[in-house]
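I have placed the structure first, in the form of structure tokens, so that the comments after it can refer back to it.
The values are calculated or read from the model by the stated rules, or taken from the named source; none is laboratory data. Keep in mind it's a predicted model, so treat the numbers as computed, not measured. So basically every Cβ, Gly included, is an ideal-geometry build from the backbone, and we count neighbours across all protein chains shown.
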């Protein structure tokens, strides 16, 4: 019976060690990482939206999205998860006009995020596609992964 108890203790100790490593090893979330992820994701989804609307000639290169993010203002470090990230996005719309919009971003501890933009610029939650169907607007609210 002694070997079974020893194995059980060893398995429990290994499990605790793995849990501690996973908890301590969460991905580092930084301003640079969020900015690297957000603008390209937005640009790709903006192209998808143009396709749904039947607008030709919109590509990620023509959208040319850029962003600047901040977490919680000047007194808060621009790292870590939280619902208090604000990103200012700049891009060229499907009519060739420059746009700026504020995106509220919730970043989770697993380095995923959900971003919501200004409906006055990106449209409402649903849009009417080129076939007359109401469909979800891909840029109204979207999620992505921050590279670590």
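Worth a mention:
- Flag: residue 32 does not match the condition of being surrounded by fewer than 16 Cβ atoms within 10 Å (Cβ to Cβ) and modelled with pLDDT under 95.
- Looking only at region 123-141, and only at residues there that are in a loop (DSSP other than H, G, I, E, B) and touching a residue at least 24 places away in the same chain (Cβ under 8 Å), the one that is surrounded by the most Cβ atoms within 10 Å (Cβ to Cβ): 139
- Considering the conditions (1) surrounded by fewer than 15 Cβ atoms within 10 Å (Cβ to Cβ); (2) at negative phi; (3) assigned to a loop (DSSP other than H, G, I, E, B), residue 120 is excluded by exactly one of them, (3).
- Looking across 68, 41, 79, one residue alone is over 30 Å from residue 129 (Cα atoms) and touching a residue at least 40 places away in the same chain (Cβ under 8 Å). It is 79.
- Subset of region 64-88 [more than 14 Å from residue 105 (Cα to Cα) and surrounded by fewer than 19 Cβ atoms within 10 Å (Cβ to Cβ)]: 64, 66, 74, 75, 76, 77
- Take the conditions (1) on the phi > 0 side of the Ramachandran plot; (2) more than 20 Å from the chain's Cα centre (by Cα); residue 94 misses just one of them, which is (1).
- Leading residue by the ranking (farthest from residue 28 (Cα to Cα)) among those in region 98-117 that are surrounded by 14 or more Cβ atoms within 10 Å (Cβ to Cβ) and more than 14 Å from the chain's Cα centre (by Cα): 99
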